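Here is the structure we will look at, set down as structure tokens.
Coordinate-derived values only; no laboratory data. All values derive from a computational prediction rather than experimental measurement. Please note: Cβ atoms are built from the backbone with ideal geometry, for glycine as well, and neighbour counts cover all protein chains shown.
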Protein chains: 2
Amino acid sequence: MTLAPDFIQLLGTLLGDRFTQSLADREAHAGTEAHHVPMPPDAVARPVSTEEVSQIVNLCAFYGTPVVAYGNGSSLEGNATAAEGGLCLDMTLMNRVLEVRPGDLDCTVEAGVTREALNDHLRHTGLFFPVDPGANATLGGMTATRASGTTAVRYGTMADNVICLTIVLPDGQVIRTARRARKSSAGYDLTHLFTGSEGTLGIITEVTLRLHGRPEAVRSARCIFPDPLSASEAASTAIQIGLPLARIEYLDAGCIRAVNALSGLSEPPADTLFLEFHGSEAGVDEQVALFEEIAAEHGGTGFRWAATEAERAKLWAARHSAYTATLRQRAGARGWATDVCVPISALPGCIDHAKRLLADCPVPASIMGHVGDGNFHVVFAIDPESEDERALVARINDSMVERALACDGTCTGEHGVGLGKRKYMRREHGAALEVMHRIKAALDPYGLMNPRKIFPDDQAAR
Amino acid sequence: MTLAPDFIQLLGTLLGDRFTQSLADREAHAGTEAHHVPMPPDAVARPVSTEEVSQIVNLCAFYGTPVVAYGNGSSLEGNATAAEGGLCLDMTLMNRVLEVRPGDLDCTVEAGVTREALNDHLRHTGLFFPVDPGANATLGGMTATRASGTTAVRYGTMADNVICLTIVLPDGQVIRTARRARKSSAGYDLTHLFTGSEGTLGIITEVTLRLHGRPEAVRSARCIFPDPLSASEAASTAIQIGLPLARIEYLDAGCIRAVNALSGLSEPPADTLFLEFHGSEAGVDEQVALFEEIAAEHGGTGFRWAATEAERAKLWAARHSAYTATLRQRAGARGWATDVCVPISALPGCIDHAKRLLADCPVPASIMGHVGDGNFHVVFAIDPESEDERALVARINDSMVERALACDGTCTGEHGVGLGKRKYMRREHGAALEVMHRIKAALDPYGLMNPRKIFPDDQAAR
């Protein structure tokens, strides 16, 4: 779109060189992690305060300019692409940890603080922020996407760890979604409404988060299984008996081979669970003993244990490089990650189904999953130029989503809807999608907040 | 209001004797637990299925009749009064446990199932539903009020334990708010929006709930303290070090005296914490040892431990009769329970402040609290005929709420807004209240769903 000259001039006056229309900056904010087509904004603004965001959003409302918040650009479904152009709000200068309250086990940060920066800041407090989606995402972005990752099985997702939010509404007004009490029944739960709204209802500028005490003891392990079904059944059994695992991650044999090739590791090329236990020394011992029994019942062998931080880092290296390792199997490849999440009893069947879909797929692919939540990804290394490969992967994704929905699961456990999952929204939600859209229309009547995300293009017409 | 003759005839045809206009039935559904003025509906309907609720609500929409869902009538803020008359939907015939899925640690119940009925149903499964607000409320009502209670410190509130809901919208349409996967980032979080919406956005007809494994070991205890400050500081310290208490409840000395008088117990008349620990045998031992250290540092003495179920029941009898015992101090009294919830570091100061407010209050009153959440109640036994007493208690409540809001707390931790807390909504939420009201107007444009609740009467005019 063409930005109004007055709009450009006003933003330039307000922000100085923190407002740019340079091609390089626009292309750097096109939201292109993964397989989606890059869609650059027409300009980039870098606010430093909630008040500035309010002023900018107010101008966008006046000039009818779409506005898209942007963190570290690590989202995977085109969530932060400028699908209708307009203004990108790069939040990364809003990177102050505003307050840490050890006595309340919480903290307040600006939206542009990354999870690693927060944990660095907390390192002498005995507290930590557990949600770990892999990428060093901003906490605003993680909130907007309702992200989770490896530790959600123990500590919950962003939905469980956000206490309240400061939001700039589409007309520039600033609200706080809740008080800082750990529970409340004072009216509608706006905190959860904005968590996962992907910037379509307003801009998150500050986030108040629950913190957790660092566990007294941490033990990590990996364990190999004869096939995907055994591994996922072991995971599902551990959850069913209530084992309070801190992490339980599955990597399939092909993924382990890719990791070995990338990182010079020599992990056995087998279906593998990576585990972590948090608790007191005695509590961790109990959990370990219980898990070893479960694993043995499902053919698990080759336990490798790590207790020191250095050993743990080495053991988890395989898991952490899984996405990159999958892409590096092929020069010039781009990632396409599926993201179904199903009730835990349905997980083994769904992983088995995915494995069969991949049997004669020529595109390199790994299965990796937060199996304690019933959530797993197939990561494909696609040739971005090949329409055939895109079509093939889209068909496999469709089939996985269809299976997940048939099991009362969801098309996206943690990546959000963005552009990529819009086509499944009506099947997943039925008439509830209209309720979501009525909320969207009530709060953003001109449709300027991250347009074309979450809702299928034909939604507004219904 | 006068119900349209056609409306009456159609409901009679649909429901037979499950539709009544008898005075006795209307008065039995006036929502009069606690101090609010009874407001009977004009008629009572007893649906037996989601489909019937849909048909009834559709008729209400057509005839412009207000509709108020009703569970066991145990809410405390006039949440289920028929403030504009109309139809009461008594949900108690929808009392089937539809499915228990041990492999997914969840179940689906109709809204009229009570929490005790659910736990009876689960007794041979090794699972239980933990949320315990005291009263044997229906699970639909608990969801609508975002209830919590004694175990929220460990297991969370209804917000943490509802997986998805079936809702009849104001036009009669039926939606499901989410899939059954344990996490999802597929669009707006309607589950949390309807949880705590007090029937103002639609009628909850089915609830899918998380279940928890029964702990291997349970140990209960009570411990007495020299004053309220020591007791609440011990509670707050236990939370700050991350002790995973299953329950930690405070009763002040006056409350213990009332309990002794009612129940013939001989508990020491002192500020008391009642505790419960869940875990493995070894885990519970660790927790107990840690808590004993904390209590000793704050002058706690007189530990009494209970390990068997019978001993535990006896020990908890004091806590469970606290509300009744407070009212029984005075013939003909009615209850008025305050409900602030504050960040845990602010709790000791707020309890101390409440204690000072009560120092020269002639109305019998007890302090009791879910102190692990920062939530406590003053229960007053008011003379319902005395306007002076109502005015005095209202002033004390105002002062407690003011203090809680100044600490970034909330006016209601778990009782909901209903009629009683509407006057605090604007101060608690500021401009966010307008956002809530825009959602209300978008989903219930004719304002027929539990009218006059949550929002101050002047809200619609703004």
Residue by residue through A:207-218, how many Cβ atoms from other chains fall within 10 Å of the Cβ on average? 1
Teacher prompt: residue A:62 distances to equivalent labels in other copies, 7 Å Cα→Cβ, nm: 5.0
Work out the P(r) tail for the range A:97-213: percent of alpha carbon pairs separated by more than 21 Å, whole number. 31 percent
I need the inter-copy label distances for residue B:263: point set 7 Å along Cα to C-beta, values in nm with one decimal, smallest first. 5.5
Hey, what does the equivalent ellipsoid look like for the range A:79-120, semi-axes from the Cα gyration tensor as sqrt of 5 times each eigenvalue, largest first, whole Å? 29, 9, 9
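Can you give the average number of partner chain beta-carbon atoms within 10 Å of each beta-carbon in peptide B:341-347, as a whole number? Each step should come with its number before you reach the end.
Working: counts 7, 5, 10, 7, 6, 4, 1.
Whole-number average of other-chain Cβ neighbours for B:341-347 is 6.
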Using the alpha-carbon centroid of each, what span in Å lies between the range B:258-319 and the range B:385-447? 34 Å
Whole-number Å³ per residue for the convex hull built on Cα positions in the range A:8-109: 111 Å³
Would you mind calculating the relative contact order of the range A:5-90 from Cα pairs under 8 angstrom and at least 6 residues apart, reporting the percent as a whole number? 35 percent
Helix-derived [θ] at 222 nm for the protein assembly as shown: sum -39500 (n - 2.57) over DSSP H runs of at least 4, divide by residue count, nearest 500? -10500 deg cm²/dmol
On a full-extension model of 0.36 nm per residue, what is the gain between residue A:292 and residue A:305, subtracting their alpha-carbon distance, rounded to one decimal in nm? 3.5 nm
Residue-ordered couplings for the range B:324-338, obtained by feeding phi - 60° into the Karplus form 6.51 cos²θ - 1.76 cosθ + 1.60 and rounding to whole Hz (Gly and Pro as x), are 4, 4, 5, 5, 6, 5, 8, 5, x, 6, 10, x, 9, 10, 6
Can you give the angle from 0 to 90° between the axis of helix A:432-443 and the longest principal axis of chain A, with both taken from C-alpha atoms, to the nearest 10? 40 degrees
Spin-label pair residue B:388/residue B:21, simplified geometry with 7 Å Cα→Cβ offset, distance in nm: 4.4 nm
What trypsin sites (Lys or Arg not before Pro) in the range B:19-123 are in a loop by DSSP, with at most 13 other Cβ atoms within 10 Å of the Cβ? B:123
List the GluC sites (Glu not before Pro) in the range B:182-246 that DSSP assigns to loop (not H, G, I, E or B) and whose Cβ has at most 15 other Cβ atoms within 10 Å. Which are they? B:216
For the range B:217-406, one quarter of the surface area of the C-alpha convex hull, expressed in nm², comes to 10.2 nm²
Principal axes first, then extents: for the Cα atoms of the range B:47-91, list largest minus smallest coordinate on each axis, whole Å, largest first. 30, 23, 8
Cleavage-rule hits, trypsin sites (Lys or Arg not before Pro), the range B:300-403, DSSP coil, Cβ neighbours within 10 Å at most 15: B:330
Find, to one decimal place in angstroms, the Kirkwood hydrodynamic radius of the protein assembly as shown, where the mean of 1/r is taken over every pair of different Cα atoms and then inverted. 28.7 Å
How much of the pair distance distribution for chain A lies past 42 Å, counting alpha-carbon pairs only, in percent? 15 percent
State the percent of C-alpha pairs, over all pairs in the range A:150-276, separated by a distance greater than 18 angstrom. 66 percent
For all pairs of alpha-carbon atoms in the range B:270-343, what percent lies in each bin of width 5 Å, listed from the first bin to the last filled one? 3, 11, 16, 18, 19, 15, 10, 5, 2, 0
For residue A:457, which inter-copy label distances result when the label point lies 7 Å beyond Cα on the Cα-to-Cβ vector, reported in nm to one decimal and in ascending order? 5.1
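Using only atoms on other chains, find how many Cβ atoms lie within 10 Å of each Cβ of peptide A:141-151 and report the average.
1
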Magnitude of the Cβ-charge dipole of the range A:217-406, K/R +1 and D/E -1, about the Cα centre, nearest 20 debye? 440 debye
What distance in nm separates the two pseudo spin-label positions at residue B:314 and residue B:120, each 7 Å out from Cα along the beta-carbon direction? 2.6 nm
